[in-house]
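Read-outs throughout are calculated quantities, based only on the coordinates presented, and are distinct from any laboratory measurement. These figures come from a predicted structure and were not determined experimentally. Methodologically, a virtual Cβ is constructed for each residue, glycine included, from the backbone with ideal geometry; neighbour enumeration extends over all protein chains shown.
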Amino acid sequence: MKTVTSKKTATIIQTKKNSFWKTLVQQKYLYMMSVPFVILVLVFNYLPLWGWTMAFQNYKPGLPFLQQEWVGFEHFIELFSDDRFYRALRNTLGMSILGLTIGFVMPIIFAVLLNEVRVNMFKRTVQTITYLPHFVSWVVVAGIVTKMLSTDGGVINDVLISIGVLDKPFQFMAEGSYFWGIVVASDIWKEMGWNAIIFLAAMSGIDSQLYEAAKVDGAGRIRQIWHITLPGIRPTILVLLILNIGHLTSIGFEKQMLLGNNLVVDFAEVLDLYALNYGIGLGRFSYGTAIGIFNSVVSIILLFVANGIFKKYSNSSVM
């Protein structure tokens, strides 16, 4: 019995191998086209992982690899005992969760509303205007936001004073409690139109006969959105949500560095900015690498956990 089973297993394995080589020969041009991209990923995504060894050394530039002083987990122990690290982690998670709940939902709402517009010229114009800010540098966006919130001729203060909400200009950029909201609102303004493109593309793939059948059954616009449009883009929403959850601790530092100042540093410093200031900025390359490893490991864990949960309960996953 065992001999028969082993023969069957060997036959299946051999069949799969033959099938692979047959597919490789049939699609050799596609595989050849993919080779440069595979090399690109290896060089820029996997080869740099060798640099993670610096987190376990007292890295000194100029010394050969074998002459570096190995210190084990010393930098990680220092990292987890630093109060500034937990402050940066709090700020990172706070802005990430705000961006995930508000910044992720707004493009979906915008795409649904834009999809309901029947005047194509107006629809294309609005879509073009809303995705153009994506191509504007954060340096320019930070300057616009700072000027709009300024106490000297800032549009926001002028409007609030004119309608009686404020008696005198308010220093929004000097209040740490407002900083997270300012960053998230700026990010939504800059990226909402661009992020809505993928949802609009998903909506274009929904069968128009479903809408016609719903109209025959007496369904209005709201019911068509709820029962046809949203279920139709549900797989896209879930996949993007999983990927965004995986990036909760990796939100960059450009927005926080450009919009922040010394008055709001307790609310502006995120993990990437912390690594830049207290790692690379002070020449502590090993410490900065330890922060980067923490970021990467947490991101991988979040991605796998989110993927597992969504795969179990919704049959949607990214792997």
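See the values below:
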| item | result |
| --- | --- |
| Net dipole in debye of the stretch 41-197 [+1 Lys, Arg Cβ; -1 Asp, Glu Cβ; about Cα centre; nearest 20] | 560 |
| About the Cα centre, charge dipole magnitude for the chain (Lys/Arg +1, Asp/Glu -1 at Cβ), debye | 1900 |
| Trypsin sites (Lys or Arg not before Pro) within the stretch 27-123, DSSP loop, no more than 16 other Cβ atoms inside 10 Å | Arg118 |
| Pairwise label distance in nanometres, Ser177 with Gln68, each label 7 Å out on the Cα-Cβ vector | 4.5 |
| In nm, spacing of pseudo-spin labels at Leu243 and Asp167 (7 Å Cα→C-beta vector) | 5.1 |
| Segment Val119-Tyr211, extension gain: residue separation times 0.36 nm, minus the distance between their alpha carbons | 31.3 nm |
| The chain shape via C-alpha gyration tensor axes, a/c threshold 1.5 | oblate |
| Among Gly176, Gly279, Gly154: highest mean-square fluctuation, GNM of the chain, C-alpha pairs under 10 Å | Gly154 |
| Computed label-point distance, nm, for sites Glu254 and Val105 using a 7 Å Cα→Cβ extension | 2.7 |
| Listed residues Thr236, Gln27, Gly103: farthest to the positive end of the dipole of the chain (Cβ charges) | Gln27 |
| Within the chain, helix-based [θ] at 222 nm, where runs of 4 or more DSSP H residues each add -39,500 (n - 2.57), nearest 500 | -20000 deg cm²/dmol |
| Residue-count net charge about Val117 - beta-carbon cut-off 14 Å; Lys, Arg +1, Asp, Glu -1 | +3 |
| Percent of Cα-Cα distances greater than 21 Å, calculated over the stretch 93-213 | 53 |
| Among Met95, Met148, Met173: highest mean-square fluctuation, GNM of the chain, C-alpha pairs under 10 Å | Met148 |
| For the stretch 122-133, 3J(HN,Hα) per residue [Karplus equation, 6.51 cos²θ - 1.76 cosθ + 1.60, θ = phi - 60°, Hz, x = Gly/Pro] | 5, 4, 5, 5, 5, 5, 5, 5, 7, 8, 4, x |
